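Below: the structure, in structure tokens.
Since every read-out is calculated from the coordinates, none of them should be taken as a lab result. Please read all numbers here as calculations on a predicted model, not as lab measurements. Glycine gets a Cβ as well: all are built from the backbone with ideal geometry, and neighbour counts include every protein chain shown.
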Amino acid sequence: MKPEGEIAAVESVPAHRAHVLYPRLYVWYLFASSLDIIMTYAIVWKLGGSEVNAVARHFIEHFEHWGLIFLKYTTVVLVVAICELAGRKSQAAGRRLAFAAIVLSAFPVGYGIVQVLAWTHAWE
């Protein structure tokens, strides 16, 4: 664990010298994306539901769960790259994009949880 002063020193590195601009936001984005994979797996393979996203459905139909994993983590890499590019031009814009990515990835997870609860009659 780093002392508090050392963390502040790392965060004050100029944008063009930092390894990644928003590591904490990326961890949350990766977490939300991973939960999305888990919820999709539970709904499609365990509960017999279907994927509504046509691109994801194509990957699932052709490559099963490995296609889903590949697609999701490929988009994670793409989104992080876009946030990094945008963040090097405008720190605030990159941060907003990273935060939006978290929210947009968490939304299907929340919706999936509601579906699972409804399908398993947890509210009865």
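Using only C-alpha positions, report the orientation-averaged shadow area of the convex hull of the range 78-122, nm², one decimal.
3.3
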Taking the range 22-124, which chymotrypsin sites (Phe, Trp or Tyr not before Pro) meet the DSSP loop condition and have no more than 10 other C-beta atoms within 10 Å?
123
What share of Cα pairs, in percent, lie more than 18 angstrom apart in the range 20-119?
48
Added length on full extension, which subtracts the Cα-Cα distance from 0.36 nm per residue, residue 74 to residue 62
2.7 nm
For the range 31-37, in order, what is each residue's ³J(HN,Hα) by Karplus, 6.51 cos²θ - 1.76 cosθ + 1.60 with θ = phi - 60°, in whole Hz (x at glycine and Pro)?
4, 5, 5, 5, 5, 4, 4
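Set the Förster radius R0 to 30 Å, insert the Cβ-Cβ distance between residue 82 and residue 121 as r into 1/(1 + (r/R0)^6), and round the FRET efficiency to 0.05.
0.15
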